[in-house]
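Here is the structure we will look at.
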Amino acid sequence: MPGYDFGPLPTKLPPEAEAVKGKNSLQAHAAKFKVLAGAAVPVRALQADPVFQELVADQYGILVPENELKMVAIRPSLDKFDFTASDALLAFTKQHGMKLRGHTLVWHGSVPQWVRQQSSTLDLRKVMVEHIQTVMGHYKGQIQAWDVVNEAILPSDGDPNGMRKTVWFNAMGPEYIDLAFRTAREADPNAKLSYNDYGVEYDKEDQAEKRRLILAMVRKMKAANVPIDAIGVQAHIRVGFNQSMGTGLKEYIDAIRQMGLDVYVTELDVNEDDVTYDDVGKRDAAVAETYRQFLTLMLSNPATKAVLTWGVSDRRTWLNGFNGHSQKFPNRPQRCLPFDAAYKPKPAFFAIRDSFDHKKI
Ligand code: G3I
């Protein structure tokens, strides 16, 4: 992922990474408590980096392609689908006994140009339904869970139900969500179906509002027998857990559990933009502590069944990519993930692993 120069790729795993293989890995610890430990990976970077492959294969029980199953990546034109990259990741997960997660079928982001350019003339209902049927059909029986709809709530867009005014919403109204989930269940009855969103982690009024709107939407879906199995908490959080996060999130996942749904932590990373000191040891400790407190809360609820970080190593993270560069510290790459750029496990790794150990069952 372009952005900062982290130097040449590691030619072998550092001894610290060797020491956390096998029974010391994230997945081994998570599995004891029936939780899946996983990560998002950029597929082409994985293919080009055998040491990264070794690290990933050993640490995780589930992977998700960071971008390669998005509509823009998989559907170059109305009638053409290209599964090359995601098929390669599926083969990799099978080879190493891992599961694969699907991200994402219906989203306002990564919509191809051909959809945007012809949105007034295309039958977008048909485009969406065919998309779900074709993509889920291609992977039928092979994907643990799909993010069927991603990030559909955005109160600031002004809709009375808080719906984000996406290309799909504008064409079909709020019903597009029910239709997407019903189509998904039919296309692959064995896949878990999830609604995935960000901005629900903090005790701020705008996030409390978002939690209320998501819960209201899902309650309505359940009342109408729309199939849904889980809610994804993306968890792009920031260093410093403190009073600003806790109560609202706890109540949110309790409410999800009461509806009989699972919770997946889908895109966890810790942005250290607010950290003013440069000392790496102190920064790593602060990031680790944030992971620990967040996961302790999430994993104290038995509804939480999977924890995936959004990336593996600081070498490749959207937070160090073109759009993610820190505004406050543009010359300081973020140390936001469990492994550093040389694949050495950082305090964040041990904080995540310890959180799995303390999961209540
Ligand atoms: O592959 C092209 C490359 O050829 C080109 O030179 C470069 C220049 O712009 O762009 C590259 O594609 C970029 C792609 O990431 C791969 O790096 C896209 O522009 C860029 O938009 C894309 O960003 C991704 C973003 O979603 C939008 O799809 C990030 O990697 C990815 O981490 C991010 O992930 C999202 C989740 O899907 C949903 N939740 C939030 C999360 C973080 O934003």
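The values are calculated or read from the model by the stated rules, or taken from the named source; none is laboratory data. Keep in mind it's a predicted model, so treat the numbers as computed, not measured. Positions of Cβ are generated from backbone atoms using ideal geometry, with glycine treated the same way; all protein chains shown enter the neighbour counts. When the accessible area is computed, the model is the full protein with side chains, heavy atoms only, and any ligands, DNA or RNA have been set aside. Shrake-Rupley method; radii C 1.70, N 1.55, O 1.52, S 1.80 Å.
Residues being within 16 Å of the ligand (Cβ to nearest atom) and among the aliphatic types (A, V, I, L, M) are entirely absent from segment 7-22. Among the residues of segment 299-345, the ones that are on the phi > 0 side of the Ramachandran plot and out of contact with any Asp or Glu (no Cβ under 8 Å at 6 or more places or on another chain) come to 1 in all. Only one entry in 268, 193 is closer than 24 Å to residue 136 by Cα and not in a helix (DSSP H, G or I), namely 193.
Of the residues 260, 281, the single one that is open to solvent by 20 Å² or more (accessible area, probe 1.4 Å), more than 16 Å from the ligand (Cβ to nearest atom) and on the phi > 0 side of the Ramachandran plot is 260. A Cβ distance below 7 Å, combined with a sequence gap of six or more or placement on separate chains, defines the contacts here; from segment 225-243, residues that are on the phi > 0 side of the Ramachandran plot reach residues that are at pLDDT 95 or above in the pairs 235/201; 235/265; 235/267; 235/268; 235/294; 240/290. Being more than 12 Å from the ligand (Cβ to nearest atom) and in contact with a strand residue (DSSP E or B) (Cβ under 9 Å, 6 or more places away or on another chain) is the filter here, so list the residues in segment 66-95 that pass it. Passing the criteria: 86, 89, 90, 92, 93, 94.
Within segment 180-233, the residues that satisfy the criterion of being open to solvent by 70 Å² or more (accessible area, probe 1.4 Å) and under 21 Å from residue 308 (Cα atoms) are 190, 192, 198. One residue alone among 132, 177, 143 is among the β-branched types (Val, Ile, Thr), over 29 Å from residue 84 (Cβ atoms) and within 20 Å of the chain's Cα centre (by Cα), and that residue is 177.
On the stretch given as segment 290-342, residues that are free of Cβ contacts under 8 Å to residues at least 60 places away in the same chain, away from the ligand (no atom under 16 Å from the Cβ), open to solvent by 20 Å² or more (accessible area, probe 1.4 Å) and assigned to a loop (DSSP other than H, G, I, E, B) total 7.
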